[in-house]
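S.K.: I'd like to ask you about the structure that follows.
The values are calculated or read from the model by the stated rules, or taken from the named source; none is laboratory data. Remember, predicted model here, so these are calculated numbers, not experimental data. Methodologically, a virtual Cβ is constructed for each residue, glycine included, from the backbone with ideal geometry; neighbour enumeration extends over all protein chains shown.
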Amino acid sequence: MRLTEAHIAAARLRLAVDARLGTPTPDAVRRIAAMTPDGPDADVVRLPSRGEVAYQPRVAVGSGRVVGVELLPAGPTAPEELIAVAARQVRRWLDRGVRLPVRVSVPLSLDEGFAGRVAAVLRQHDVPPGLLLLGFDESQLVDGGEAVESALARLSAVGVALAVDGFGTCYSPISALRPFRFGEVRIDTSFAAAEDASSLAVLRAMVDLGRGLEVAVATAEVDSVELLDRLTELGIGIVQGDAVAPAMSDTELDEWLTDRADVATS
């Protein structure tokens with residue numbers, strides 16, 4: 001099999017990231033070769049036809065421990081359908097002794113029955129609510145009024161984990177976030193990738209704010225070793241992106257997880 005320069009560069013990137021995270025993977029070269037669309041193994045990372053979704057691992061900066069995965073739809077998909085897919089995936093892992101939360105970014109539904117339907121799906125698959133992490137865009141939480149507060153309270157009562165997406169883009173007051181026990185804030189990629197002094201100062205302030213809320217601070221689309229190093233220095237706790245691991249089909253993810261010893265077990 002002949003690797004192009006793009007394949008080789010990607011493989012070196014993967015190996016460099018492994019060294020920083022402390023979790024080398026034996027098949028790094030083959031997997032990164034598959035990330036290139038014109039690569040000989042490009043079909044390895046295509047989206048599965050079942051459910052039209054992919055999964056991207058999320059790791060803790062520093063230790064490299066796998067702390068979860070994010071469910072990524074190939075196109076517009078009903079939120080409740082995504083949640084059902086996530087629940088089935090969590091159940092499948094639990095049956096194999098693997099305990100990993102699945103993160104799903106969905107619009108916040110103000111439907112009073114939404115939380116109940118989420119709870120019903122989790123009961124159907126016998127999934128602990130805390131293994132489902134729902135991310136909501138910060139813009140939905142700003143000035144949302146009583147309807148948003150009630151919707152978040154209902155989901156909190158179910159026991160699912162809650163996250164704020166695009167943190168910092170709308171400058172939500174702490175008072176708007178604290179009551180709902182958000183377990184994570186994900187800083188908007190535009191802030192995380194910024195390099196000028198003023199943007200870095202804002203990024204540091206957001207990281208400090210997240211810590212002040214006593215929640216995990218995360219970011220996505222980490223696509224270079226340089227960005228990973230900068231985020232590590234700034235104190236970002238959880239990262240995902242092609243520099244860490246590409247989006248994969250469920251079977252590819254199973255294989256990827258098998259290669260690692262730093263995955264939580266039930």
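S.K.: Restricting to region 129-147, count the residues that are modelled with pLDDT of 95 or more and either among the acidic types (Asp, Glu) or touching a helix residue (DSSP H, G or I) at 6+ places or on another chain (Cβ under 8 Å) (or both).
M.R.: The qualifying residues number 4.
S.K.: If you don't mind, there's one more thing I want to ask. Which members of region 70-100 meet the condition of being surrounded by 15 or more Cβ atoms within 10 Å (Cβ to Cβ), closer than 21 Å to residue 241 by Cβ and touching a residue at least 24 places away in the same chain (Cβ under 8 Å)?
M.R.: Those that are surrounded by 15 or more Cβ atoms within 10 Å (Cβ to Cβ), closer than 21 Å to residue 241 by Cβ and touching a residue at least 24 places away in the same chain (Cβ under 8 Å): 70, 71, 72, 82, 86, 89, 100.
S.K.: Take the conditions under 20 Å from the mean Cα position of the chain (by Cα) and either in contact (Cβ under 8 Å) with a residue 40 or more places away in the chain or in the same structural domain as residue 78 (by TED's automatic domain parsing) (or both) and apply them to residue 123. Does it pass? Give the steps one after another, and end with the answer.
M.R.: On the way: under 20 Å from the mean Cα position of the chain (by Cα): no; either in contact (Cβ under 8 Å) with a residue 40 or more places away in the chain or in the same structural domain as residue 78 (by TED's automatic domain parsing) (or both): yes.
For residue 123, the condition - under 20 Å from the mean Cα position of the chain (by Cα) and either in contact (Cβ under 8 Å) with a residue 40 or more places away in the chain or in the same structural domain as residue 78 (by TED's automatic domain parsing) (or both) - is not met.
S.K.: Residues in region 191-203 that are under 22 Å from the mean Cα position of the chain (by Cα) and surrounded by fewer than 12 Cβ atoms within 10 Å (Cβ to Cβ): how many?
M.R.: The number of residues fulfilling the criteria is 0.
S.K.: Any idea which of 58, 99 is closer than 27 Å to residue 217 by Cβ, assigned by TED's automatic domain parsing to the domain that holds residue 227 and modelled with pLDDT under 95? Steps first, answer last, please.
M.R.: Details: 58 fails: modelled with pLDDT under 95.
Exactly one of 58, 99 is closer than 27 Å to residue 217 by Cβ, assigned by TED's automatic domain parsing to the domain that holds residue 227 and modelled with pLDDT under 95, namely 99.
S.K.: Which one is surrounded by the fewest Cβ atoms within 10 Å (Cβ to Cβ), of the residues in region 119-139 that are assigned to a helix (DSSP H, G or I) and touching a Cys at 6+ places or on another chain (Cβ under 9 Å)? Spell out the reasoning first.
M.R.: Step one: of region 119-139, the residues assigned to a helix (DSSP H, G or I) are 119-124, 129-131, 138-139.
Filter once more, so that each one left must be touching a Cys at 6+ places or on another chain (Cβ under 9 Å): 138-139.
On the way: 138: 21, 139: 13.
By that ranking, first place goes to 139.
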